[in-house]
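The values are calculated or read from the model by the stated rules, or taken from the named source; none is laboratory data. Keep in mind it's a predicted model, so treat the numbers as computed, not measured. Here the Cβ positions follow ideal geometry from the backbone for every residue, glycine too, while neighbour counts run over all protein chains shown. Just so you know, the surface numbers come from the protein's heavy atoms only, side chains and all, with ligands and any DNA or RNA stripped out. Shrake-Rupley method; radii C 1.70, N 1.55, O 1.52, S 1.80 Å.
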Amino acid sequence: MSDSSSAIQSVLVENRVFPPPEALVKAARISGMAGYEALCAEANKDFEGFWARLARENINWTKPFTQTLDESNAPFYKWFADGELNASANCLDKHMGTPVENKTAIIFEADGGEVTKVTYKELLARVSQFANALKARGVQKGDRVLIYMPMTIEGIVAMQACARIGATHSVVFGGFSAKAVQERIQDAGAVAVITANYQLRGGKELPLKAIVDEAIASGGCECVKTVFVYERTASAWARVAGRDISFAEAVAGQSTECAPVPVEAEHPLFVLYTSGSTGKPKGVQHATGGYMLWAKLTMDWTFDIQPSDVFWCTADIGWVTGHTYITYGPLAAGATEVVFEGVPTYPNAGRFWQMIERHKVSIFYTAPTAIRSLIKAADSDEAVHPGKSDLSSLRILGSVGEPINPEAWMWYYKNVGQERCPIVDTWWQTENGGHLITPLPGATPLVPGSCTLPLPGIDAAIVDETGNDVPNGSGGILVIKRPWPSMIRTIWGDPERFKKSYFPEELKGYYLAGDGAVRDAKTGYFRITGRIDDVLNVSGHRMGTMEIESALVAKSDLVAEAAVVGRPDDLTGEAICAFVVLKRPRPTGDEAKQIAKELRDWVAKEIGPIAKPKDIRFGDNLPKTRSGKIMRRLLRSLAKGESITQDTSTLENPAILDQLAQNN
Ligand code: WT7
């Protein structure tokens, strides 16, 4: 079990309850706890019938399915397997000929503040045209396409265009390094890359295309035949003749009509790489049918999306939250959504609140780490306080990515939601496709810091190491006992790792989330206590400790050994702390500072800036057992600055603890 931070401690004693607003209970799709319980009862009574009904009501199938769930090759579950559909048609074409066709689909606000709007009809034309451009370069159903794009309308167009022709996209967050891009191109066998010359963030122009060039030049990327370059800025970019083509060139002369290609429900819509506890990142593979059902359904259930809503999810399309709640969910729901290119602190830390006012946002979905940093900014500068903006358009707030501490929850509730707006604290993972445990805005009484109860049909439970339920009130391992439509189908190219990582034998075939959790003794509400494996959550970004360790030891001229652990951080939730043994005497003072900087820059280059360790401590060696195992438990205590109270009798070299306790 990972360390319990002070935030988690205060969650455990939380007893404030906030019932949903009366008006919302009356108007919401799922009305009151009775509404929620009725759906749960329906799922319990006829599990497959329940999902079949929802899949028929929420998805346009070009070929209806006859079988709902195929468990014959568990845990490789199949949903709606003989049905056919197209994801892009379920976001765009389905609205044509309805009042939605001329509705604004996307309100795009650029880093510098310019606003561009596109209607559903216009978006369909742009997606179709780019889909034709992909086809013209030979991209076909089943091919993989890597997308390395800034937050722009074109990023969404790129994803939708892939879906339209049945190509599987793999989006890589624009903050990842050339090496990360190279590894993902290779693992996925991408035939094309869609990127931009530059991205704009916080007034700075940052390269993307040059990083793609570096990735491909590093070798093993011969699979890439085309690089599409969206010219986000006027700056020049280097062209590789025959391979590279600008967006403008690619779409020139292409028709704005392109028939969506129907695919089987299990056809991989996307592969998204995420960190695991061991080795290299895993390509989480999602299926078209079940995933699309979940994107649409959770927009209805969790956000109670209505035709008049303006929805804004502040995530990046490089993460799963951006996939489900920017690219697919809001469009499948026919909503108007805000897409934001920039960062929350530019030109000032009031940007989010000013944008809510400017675009009359009614549903706002962000991450605790953003809230915490904006609290800090508002505390020191009244001018960027949410109270300075007109937030009366808001009706529902959301939180995602990490546990939200009750202090931040209360601030969000009071200052942003003005005590009128329910906060849906949505627990889920890249592997889940969409929300699994979350309050419903018109039903669930809220408790700060709790993601409350599973969605109907989601059989979440807390078990011990042998898969047996633990009583409410005691902590344990969070599992999902039955499959659900938007679950991960496999790890791209590695079915064995899929089975081992998510369905370990000792857990009775349950899905292992990798999180620890506890249920409230009285209400049964879930509280997530953090990861139980070697995965860190830094500002809502998932980082494998082993991945960072491998990056550090890859600097083989300098580093002999490295161990990485997390420690609680007020702002980022967790912070990365690295203990390093060098191939030269342990440095101190300025030398230590300089080497620490060198190592940070190295990790940024190997993985990306988000993986940079906040603390680096140097030792003559690491605390190990006599059998040579690094005692991470002790390192976690040292990272937190705690004195060691654990049993150290199995430790080979106890003297090392004093050395590592000092910050250089
Ligand atoms: C991990 C998944 C969910 C999409 C974005 C992150 C943590 C996520 C919550 C929450 C407590 C949360 C978990 C989970 N997490 N949401 N509401 N409360 N913890 O997806 O990168 O796959 O990370 O994020 O630890 O396992 P991800």
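See the values below:
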{"item": "Residues of segment 187-204 classified as within 22 Å of the chain's Cα centre (by Cα) and within 18 Å of Ser218 (Cβ to Cβ), total", "result": "5"}
{"item": "Sole exception among (1) within 13 Å of the ligand (Cβ to nearest atom); (2) open to solvent by 20 Å² or more (accessible area, probe 1.4 Å) for Ile423, by number", "result": "(2)"}
{"item": "Test: residue in segment 368-387 that is closer than 17 Å to Glu109 by Cβ, in contact (Cβ under 8 Å) with a residue 24 or more places away in the chain, open to solvent by 10 Å² or more (accessible area, probe 1.4 Å) and of a type in the set (Ser, Thr, Tyr)", "result": "no"}
{"item": "So Gly138, is it at pLDDT 95 or above and over 26 Å from the mean Cα position of the chain (by Cα)", "result": "yes"}
{"item": "Cβ-Cβ under 9 Å pairs, at least 6 apart or on other chains, segment 532-547 side in contact (Cβ under 8 Å) with a residue 40 or more places away in the chain and within 11 Å of the ligand (Cβ to nearest atom), far side open to solvent by less than 50 Å² (accessible area, probe 1.4 Å) and aromatic (Phe, Trp, Tyr)", "result": "His541/Phe173"}
{"item": "Flag for Tyr365 being aromatic (Phe, Trp, Tyr) and either open to solvent by less than 10 Å² (accessible area, probe 1.4 Å) or more than 16 Å from the ligand (Cβ to nearest atom) (or both)", "result": "yes"}
{"item": "Residues of segment 310-355 classified as in contact with a strand residue (DSSP E or B) (Cβ under 8 Å, 6 or more places away or on another chain), away from the ligand (no atom under 16 Å from the Cβ), in a helix (DSSP H, G or I) and under 26 Å from Thr274 (Cα atoms), total", "result": "1"}
{"item": "Condition broken by Thr645, with the remaining ones in (1) in contact with a Leu (Cβ under 7 Å, 6 or more places away or on another chain); (2) over 26 Å from Gln594 (Cβ atoms) satisfied", "result": "(1)"}
{"item": "Extreme residue, most open to solvent (accessible area, probe 1.4 Å), among residues of segment 606-639 that are assigned to a strand (DSSP E or B) and modelled with pLDDT under 95", "result": "Lys624"}
{"item": "Which numbered condition Ile404 misses (of (1) away from the ligand (no atom under 12 Å from the Cβ); (2) over 21 Å from Leu512 (Cβ atoms); (3) in contact with a helix residue (DSSP H, G or I) (Cβ under 7 Å, 6 or more places away or on another chain))", "result": "(1)"}
{"item": "Of the criteria (1) surrounded by fewer than 19 Cβ atoms within 10 Å (Cβ to Cβ); (2) closer than 21 Å to Ala81 by Cβ, which one Arg489 fails", "result": "(1)"}
{"item": "Residue check, Lys78 within 19 Å of Asp459 (Cβ to Cβ), charged (D, E, K, R) and loosely packed, with under 13 Cβ neighbours inside 10 Å", "result": "no"}
{"item": "Breaking point among (1) in contact with a Phe, Trp or Tyr (Cβ under 6 Å, 6 or more places away or on another chain); (2) aliphatic (A, V, I, L, M); (3) touching a residue at least 40 places away in the same chain (Cβ under 8 Å), for Val580", "result": "(3)"}
{"item": "Conditions (1) open to solvent by 50 Å² or more (accessible area, probe 1.4 Å); (2) in contact (Cβ under 8 Å) with a residue 24 or more places away in the chain: number failed by Glu642", "result": "(2)"}
{"item": "Tally of residues being touching a Gly at 6+ places or on another chain (Cβ under 9 Å) and not in a helix (DSSP H, G or I) across segment 92-105", "result": "3"}
{"item": "Residues of segment 418-464 classified as under 22 Å from Glu42 (Cα atoms) and β-branched (Val, Ile, Thr), total", "result": "5"}
{"item": "Selection within segment 139-188 - of a type in the set (D, E, K, R) and assigned to a helix (DSSP H, G or I)", "result": "Glu154, Arg164, Lys179, Glu183, Arg184, Asp187"}
{"item": "Search result, residues across segment 427-485 that are of a type in the set (Asp, Glu) and away from the ligand (no atom under 14 Å from the Cβ)", "result": "Asp459, Asp464, Glu465, Asp469"}
{"item": "Failed item in (1) open to solvent by less than 30 Å² (accessible area, probe 1.4 Å); (2) assigned to a loop (DSSP other than H, G, I, E, B), with Asp515 passing the rest", "result": "(2)"}
{"item": "Members of segment 355-392 found to be over 23 Å from the mean Cα position of the chain (by Cα), closer than 25 Å to Leu24 by Cα and among the polar types (S, T, N, Q), listed by number", "result": "Ser389, Ser392"}
{"item": "Boolean, Lys522 is farther than 30 Å from Pro609 by Cα, basic (Lys, Arg), outside any strand (DSSP E or B) and modelled with pLDDT of 95 or more", "result": "no"}
{"item": "Odd one out for Ala562 among (1) touching an Asp or Glu at 6+ places or on another chain (Cβ under 9 Å); (2) at pLDDT 95 or above; (3) closer than 24 Å to Pro654 by Cα; (4) open to solvent by 40 Å² or more (accessible area, probe 1.4 Å)", "result": "(4)"}
{"item": "Residue in segment 499-531 that is farthest from the ligand (Cβ to nearest atom), counting only those that are among the hydrophobic types (A, V, I, L, M, F, W, C) and under 19 Å from the mean Cα position of the chain (by Cα)", "result": "Leu512"}
{"item": "Residue count, segment 285-309 (criterion: more than 14 Å from the ligand (Cβ to nearest atom), touching a residue at least 40 places away in the same chain (Cβ under 8 Å) and in a helix (DSSP H, G or I))", "result": "9"}
{"item": "Boolean, Ser556 is open to solvent by 20 Å² or more (accessible area, probe 1.4 Å), more than 15 Å from the ligand (Cβ to nearest atom), among the polar types (S, T, N, Q) and part of a helix (DSSP H, G or I)", "result": "no"}
{"item": "Verdict on Ala575 being of a type outside the set (Phe, Trp, Tyr) and under 18 Å from Glu402 (Cβ atoms)", "result": "yes"}
{"item": "Pick from segment 595-604, criterion surrounded by 16 or more Cβ atoms within 10 Å (Cβ to Cβ) and either in contact (Cβ under 8 Å) with a residue 24 or more places away in the chain or assigned to a loop (DSSP other than H, G, I, E, B) (or both), ranking: farthest from the chain's Cα centre (by Cα)", "result": "Ile595"}
{"item": "Any hit, segment 194-217, residues being surrounded by fewer than 22 Cβ atoms within 10 Å (Cβ to Cβ), part of a strand (DSSP E or B), among the basic types (Lys, Arg) and at pLDDT 95 or above", "result": "yes"}
{"item": "Scan of segment 231-253 for residues that are open to solvent by less than 40 Å² (accessible area, probe 1.4 Å) and of a type in the set (Phe, Trp, Tyr), ordered by number", "result": "Phe247"}
